[in-house]
Every structure is written in C-alpha cells, then in structure tokens.
1. Answer with one residue from 212, 362, 345: the one whose Cα lies farthest towards the positive end of the charge dipole of the chain, charges on Cβ with Lys, Arg +1 and Asp, Glu -1.
2. Given Cα pairs under 8 Å that are at least 6 residues apart, what percent is the relative contact order of region 202-307?
3. Test of understanding: ordering 77, 236, 268 by Cβ neighbours within 10 Å, fewest first, what list do you get?
4. Let's see if you can work this out: charge +1 on each Lys and Arg Cβ, -1 on each Asp and Glu Cβ, no other charges. What is the dipole magnitude of region 185-251 about its Cα centre, in debye to the nearest 20?
5. Within the set of other residues whose C-beta is less than 12 Å from the C-beta of residue 34, count the net charge using Lys and Arg as +1 and Asp and Glu as -1.
6. Order these by the 10 Å Cβ neighbour count, fewest first: 263, 61.
7. Dipole of the chain, Cα-centred, from +1 at each Lys and Arg C-beta and -1 at each Asp and Glu C-beta, to the nearest 20 debye?
8. Which of the peptides 80-90, 355-365 is most tightly packed, and how do the rest follow, judged by the mean count of other Cβ atoms within 10 Å per residue?
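Since every read-out is calculated from the coordinates, none of them should be taken as a lab result. This one's a predicted model, so the numbers in the text were calculated from it and none came from an experiment. Here the Cβ positions follow ideal geometry from the backbone for every residue, glycine too, while neighbour counts run over all protein chains shown.
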Amino acid sequence: MQDAGLEAHIDGLGNVYGKAKNVSRTVLVGSHTDSVPEGGWLDGALGVVYGLEIARVWNESRAGGNDGVDVISFADEEGTYKGLLGSKAFCGSLGDLDTRQTVNMAGRSLADALDEAGLDGRTDIKCDPSRHMAFLEAHVEQGPRLEVEGAPIGIVVGIVGIRRHFLKFRGQADHAGTTPMKMRKDAGAALIRLASNLLRGFGDNGAAGTVWNIGNVTFTPGVANVVPAEAEFSFEFRDTSGEVLARLDKLVDDSAEAWNRDSPVLCEARRIFAVEPVAMNSDLATAIGAAAKRCGVKTLSIPSGAGHDAMVVAAHLPTAMLFVPSIGGRSHVISEDTAEADIVAGAEVLAETTRMVLDGETGVMQ
Ligand SMILES: [Zn+2]
C-alpha cells in the first residue's frame, strides 16, 4: 500500500486500509484477502490487488487534486470466526461481538487470535460517507455463467437473499415386515412426497433466476428394517427479489399446512435462516457498462449467488460489483483460476469506472 502511495493502516480486527494522502474525496476499492481452507488464489485477493493497482496509477498520473483512491482489504469475509466480520465492523453493523465467545472450528477464540497477531486494542477503521463517494468491489464470479456467455465482465445487479426452512415429520417406528401399509405412519415416505411437491412447486412458482436445493435429509432411527419414526430435511432457496422470496416462503408454509390436513404423519415447518437480497447501485452499474464499452469488452448483467462484503457496505455507500469469469465456474478450490486476459480486462474496466466516478461522470454525487 505504501508503494502505491497510500498511508497504510491495520485495525483491531485485521482490516487493512490504504488511505489516499492529502485528499478529501475518494472512491473506495477493495474486497477481502482471507480464504476458505484449500481455497483458490483469486477469491477476494483479486479485488484488493485491483484496488492497489488503480490507486498506484491514480497517484502516478493524477496526484495534486482533491480526490483519490482508498483501498480496503476486509478481514474474515469467509467466516473463520464470523462471516463478513471486517466489513460489518467497518460499517458499524457488527453489534455487540464478544470476541472471547467467538471461536473458530478448532475452538480458539477470536480474542486470542487478535491478541497473538498484536491487533487487540487497535482502533477500528470506519466507513466515512463524507470521504468515500462509492465502494467498488471486483471479484471472481465463482460460477459458470460469464464463461458460457463469453463475457469477460459481469455487472452485478444484486446479491441474492437466502431462505432456509427446516421441515420435520413425526410418524411412528414399526416393524418394516409385519406392519400393513395402511397402518403405517411412515415419516420417511411423507418427507419424500412433500419434498417432491416442493421441488415441483418451486419449478412452477420460482422466478427465472431462483435457485433451490435440499441440502440434507435425516431419517430416524435410520435403518432398513424399521419404518422411520421421524424424518427431517432442510430446504434452501435464493433469489435477488424480496417479493419472490416472500412468495416462496409462503409456498413452503402452505405446503406443510396442506399436508397436515390429510396425513397422520405431522409436518412441522420452520424458517431458520433469512438474509434479504441487496441491490447494487444502478448508476454505478451503468458506469461499469459504459467503462466496459470504452474498453471494448462484452458484459453480462448477473446476480451474485454468493454473499460478498459489498452487501454490507451497500447499506452505507453507493456500491457496485464487477465479476470476472471463473474457469469452469470453479471456486473455493485450489484449482480456481481466471484467464489472464480476463484479469486484465477486469482491472481496466474497474479503473475506468473509478475514474468516471472521480471525474463526476456518473450519477453518484461528488
Ligand atoms: Zn470472496
């Protein structure tokens, strides 16, 4: 960051911030540099390196003005301790976090990790809307759509909201050989019927971009020669529209209710997780499109099916995301990669978008 002409800071949670010197208005560019275990080299880090390069170029070519480029690397986006930890702290939306009670998979506390890293007690770096005009986050797509369409640049229209429902069936365990079919209260068969109703119902009622899956199923006692007494599964779905998500929430509840009207096996459905979708700033999205056109590269408007720091920052700053293609759609694996030409195209388009914001060529106010 210092080599790029920035003033480098690290805060009490590990957020790293490169602050442009002697300016009062900036575009904030960045992402995260942590990864998942055995993750790839681009997830997160690419967006930070883009920020560094854009800041370096800006400082070399446009120094002396009142505006510049700040760079951020958010800590623990992936949630080793807590998902989106750094961006939530940056935006003041972390709430009361007890770092002693916040532990990783090995049971180690965040407080100990911060202490060992020498970060404990450092001042937090804060989002400053009077300084930060916009936040731009570039990221690898982590899916196959850009590659399939042959578009080097994805303009993210929004980040999907997520719903997770837990459905539990209560029947009765009986001998699988001696109990006549009509007398059974088979929780397993009930689960399979209702689950297949839901899968069909989502096909009919979901929007074009809705995705859904059954991630896990458990039968109890779970042996071949006993009629299942209990069965449970979780059903997850995602969409960029809050309206669509609400409609599908109702579909799950209505399906369970309808089931209970005429089955001796009772179904209990609970929504256990909900994240609302986040729209990206449309002026900035338009600017990415114009920048790409100027750079001569094809774009595709797509939703983000994964969560990103941008979804936290979007509540506080005009925010946009740009995607570059993931080869084979693969990410969160060591083989994750992006063609070099696409990496270059992403840098050029993001740099041009940043320039457009700083030069007042977008709808984002200076
Ligand atoms: Zn990421």
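1. Looking along the dipole axis, the top candidate is 212.
2. Working: 79 pairs, mean separation 21.7, N = 106.
Computed over region 202-307, the figure is 20 percent.
3. Working: 77 25, 236 16, 268 12.
Ranked by crowding around the Cβ, least crowded first: 268, 236, 77.
4. On the way: 6 positive and 8 negative charges, 30 e Å.
Value, rounded to 20: 140 debye.
5. Combined, the nearby Lys, Arg, Asp and Glu give -4.
6. Ascending number of Cβ neighbours within 10 Å: 61, 263.
7. Details: 33 positive and 50 negative charges, 228 e Å.
With Lys and Arg at +1 and Asp and Glu at -1, about 1100 debye.
8. Final packing ranking: 80-90, 355-365.
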